[in-house]
1. Answer yes or no as to whether F160 is farther than 16 Å from L101 by Cα and assigned to a helix (DSSP H, G or I).
2. Out of the residues in the stretch 315-331 meeting the condition of being on the phi < 0 side of the Ramachandran plot and surrounded by fewer than 19 Cβ atoms within 10 Å (Cβ to Cβ), tell me which one is farthest from the ligand (Cβ to nearest atom).
3. May I ask you to list the residues in the stretch 43-62 that are of a type outside the set (D, E, K, R), away from the ligand (no atom under 11 Å from the Cβ) and either surrounded by 24 or more Cβ atoms within 10 Å (Cβ to Cβ) or assigned to a loop (DSSP other than H, G, I, E, B) (or both)?
4. Can you name the number of the only condition in (1) assigned to a helix (DSSP H, G or I); (2) under 23 Å from P8 (Cα atoms) that K249 fails?
5. Looking at (1) closer than 21 Å to P136 by Cβ; (2) in contact with a Lys or Arg (Cβ under 7 Å, 6 or more places away or on another chain); (3) open to solvent by 10 Å² or more (accessible area, probe 1.4 Å); (4) away from the ligand (no atom under 15 Å from the Cβ), find the lone condition where L192 falls short.
6. Condition test on L185, is it crowded, with 18+ Cβ neighbours inside 10 Å and either assigned to a helix (DSSP H, G or I) or in contact with a Lys or Arg (Cβ under 9 Å, 6 or more places away or on another chain) (or both)?
7. Residue by residue through the stretch 14-42, note down the ones that are assigned to a helix (DSSP H, G or I), within 14 Å of the ligand (Cβ to nearest atom) and either of a type in the set (S, T, N, Q) or open to solvent by less than 70 Å² (accessible area, probe 1.4 Å) (or both).
8. May I ask you to list the residues in the stretch 291-314 that are outside any strand (DSSP E or B), within 14 Å of the ligand (Cβ to nearest atom) and touching a strand residue (DSSP E or B) at 6+ places or on another chain (Cβ under 7 Å)?
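The values are calculated or read from the model by the stated rules, or taken from the named source; none is laboratory data. Only a predicted model underlies this, so the values are computations on that prediction, with no experimental measurement involved. In this analysis, Cβ positions are derived from the backbone assuming ideal geometry, glycine residues included, and neighbour counts consider all displayed protein chains. Side chains are part of the model used for accessible areas, which takes the heavy atoms of the whole protein and leaves out ligands, DNA and RNA. Shrake-Rupley method; radii C 1.70, N 1.55, O 1.52, S 1.80 Å.
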Amino acid sequence: MASILFSPLSIKKITLKNRIVISPMCQYSAVDGFANDWHLVHLGSRASGGVGLIIQEATAVSPEARISPADLGIWKDEHVQKLKTINEFIVSQNSIPGIQLAHAGRKASVSVPWEGNKKLDFAQGGWQTVSSSTIPYHEGEPFLPTALDKNGIQKVVADFKAATKRALEAGFQVVEIHGAHGYLLHQFLSPLTNERTDEYGGSFENRIRFTLEIVGAVQSEWPSDLPLFVRISATDWAEGGWNPEESVKLAAILKEKGVDLIDVSSGGLVSHQKITLGPGYQVPFAEKVKKEANISTGAVGLITEAKQAEEILNNGQADLILFARESLRNPNLPLDFAKELDSDIQWPKQYERAKI
Ligand SMILES: Cc1cc2nc3c(=O)[nH]c(=O)nc-3n(C[C@H](O)[C@H](O)[C@H](O)COP(=O)(O)O)c2cc1C
């Protein structure tokens, strides 16, 4: 039987040559938000490795939206040029370049992972963080986020809009809005972090308002014939938090608004989360959202093998498979998977002599 992992998928006017996606992964290697040759080589080698779609790491819509000072950004026009060069290379490899637009909210202003992910104060190059409410990520943390007021909310929405315009100029063909992992949008979605009493807090309709405003702002710049994805955390893995039922409800609303695919992750909101880890542990959430909200989904999380990915697609649990850590171990994952699944795919001509 022909492999489904290596079958093409058309979404709007884009056709992905296969269902293998590089999941967004921060490289913490930018200066002042600018991409450089690390990003070119990192993303470029995965494009030549045969993936259908590459979603560039969480890319900040403003300086304060960064997780660390070394995050990629797209808050000024000068950022566009290098991203464009990278995207031209990705396209030359018959792969599709996508970008994840992000705001870290209260989880911003920390050092890079290899320097301990520590909260940075002003003297260390840190900045005032913002959130839906003034609750810090770690209990007792000395730096409290500021709760965004109406003007602050409008500024973030405008930042997403401007970033989308630049993303289009840079040649991205897929935009993914980061609504997962406890970052700013998720901080509005979940009752564990959102204690607001205005129209952005309380009821489900109020908690999703900020996300819907951002989706609308992105859509006001993003062509309606190009794919728009939203990444969500399907559950907070914590009592009283955002849950799979709310995820389905949100996904159905997003579908109605023209979002094409929900990239279904989980967790990241609160430090007391209790995650049950295992191979494909988030796949049931992708399946639930796909079936109950009737929208395409991406599955991600501890998916490491060709047959496992093939099975998820065959079972109708998701439409795309995102690989993060396994694709760091092996940039040529699709070339290897194709061999295993007996699919004859095109190798870069420079590498053809290695094809067996
Ligand atoms: C180095 C690294 C950086 C990451 N950065 C991001 C990111 O920018 N945006 C995001 O949504 N998820 C990010 N993630 C999460 C991955 O996209 C993915 O959801 C997670 O690693 C689970 O998939 P895996 O088991 O295939 O690694 C990152 C993960 C890693 C390992």
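1. No, not satisfied.
2. Residue satisfying both the conditions and the ranking: N315.
3. L43, A47, G49, G50, V51, G52, L53, I54, V61, S62, listed by residue number.
4. Condition (2) is where K249 drops out.
5. (2)
6. yes
7. Correct list: H39, H42.
8. G301, I303, A309, I312 - these are the residues of the stretch 291-314 that are outside any strand (DSSP E or B), within 14 Å of the ligand (Cβ to nearest atom) and touching a strand residue (DSSP E or B) at 6+ places or on another chain (Cβ under 7 Å).
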